[in-house]
1. So is residue 98 open to solvent by 40 Å² or more (accessible area, probe 1.4 Å), without any contact (Cβ under 8 Å) to a residue 24 or more places away in the chain and over 23 Å from residue 151 (Cβ atoms) or not?
2. Scan the stretch 7-23 for residues that are surrounded by 17 or more Cβ atoms within 10 Å (Cβ to Cβ) and either in contact with a helix residue (DSSP H, G or I) (Cβ under 7 Å, 6 or more places away or on another chain) or at pLDDT below 95 (or both) and jot them down.
3. Can you confirm whether residue 33 is over 23 Å from residue 125 (Cβ atoms), in contact with a helix residue (DSSP H, G or I) (Cβ under 9 Å, 6 or more places away or on another chain) and surrounded by fewer than 17 Cβ atoms within 10 Å (Cβ to Cβ)?
4. Consider residue 54 carefully, then state whether it is more than 24 Å from residue 22 (Cα to Cα), touching a Phe, Trp or Tyr at 6+ places or on another chain (Cβ under 9 Å), open to solvent by less than 70 Å² (accessible area, probe 1.4 Å) and touching a residue at least 24 places away in the same chain (Cβ under 8 Å).
5. Suppose we filter the stretch 116-147 for residues that are free of Cβ contacts under 8 Å to residues at least 60 places away in the same chain, in a helix (DSSP H, G or I) and either open to solvent by less than 20 Å² (accessible area, probe 1.4 Å) or within 14 Å of residue 88 (Cα to Cα) (or both); how many remain?
Amino acid sequence: MKLKILVGTMTSTADYVAQAIQMDCADLISDIEIALMDKLDISVFSEDNAKDALYLICSSTYGQGDVPDNARALYESMGATPAFLGHVKYGVLALGDRTYLQTFCFGGKKFDERLADLGAQRIGELYCHDASTGTMPEEEGTAWCRQWLTEALQGATAAN
């Protein structure tokens, strides 16, 4: 099993979170790949790419609740060239600021909605980090991811 962390970010915060997860969760899953969403499209979720993989969408929110600029092509390709993604298992770690309540964590939430619409199977609950709390997203995100990975790996073992 491998973990593919797809990162949507404007200020590198989501990338820092992904790197912290890669370092901290290596004892749970040895093959962790981080990919910035730049130049990715829906083919990243092809059956060949998704074989024995869990995906983690790690995305900030930008502007008026938009996905980050580097994630736009991937997000739009999922709408423009939709494909059934029932073979994809994923989780979402969304970064936001609750002071923008009407668009809080929409970057990650939009990916979650689009993946679900295409038949992908979300494991666990979506995690939303609130920057207004003053907590470090790397610490909070890593703690959440350890629990999420444990659940996901137990489910994968039970399915085999």
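The values are calculated or read from the model by the stated rules, or taken from the named source; none is laboratory data. It should be emphasised that the depicted structure is a prediction, and the values quoted were computed from it without experimental measurement. Reconstructed Cβ throughout: ideal geometry from the backbone, glycine too, with neighbour counts over all protein chains shown. Note: areas computed on protein heavy atoms with side chains; ligands, DNA, RNA excluded. Shrake-Rupley method; radii C 1.70, N 1.55, O 1.52, S 1.80 Å.
1. Values: open to solvent by 40 Å² or more (accessible area, probe 1.4 Å): yes; without any contact (Cβ under 8 Å) to a residue 24 or more places away in the chain: no; over 23 Å from residue 151 (Cβ atoms): yes.
So residue 98 fails the test.
2. 7, 8, 9, 10, 13, 16, 17, 20, 21
3. When the stated conditions are applied, residue 33 passes them.
4. no
5. Summing the residues that are free of Cβ contacts under 8 Å to residues at least 60 places away in the same chain, in a helix (DSSP H, G or I) and either open to solvent by less than 20 Å² (accessible area, probe 1.4 Å) or within 14 Å of residue 88 (Cα to Cα) (or both) in the stretch 116-147 gives 2.
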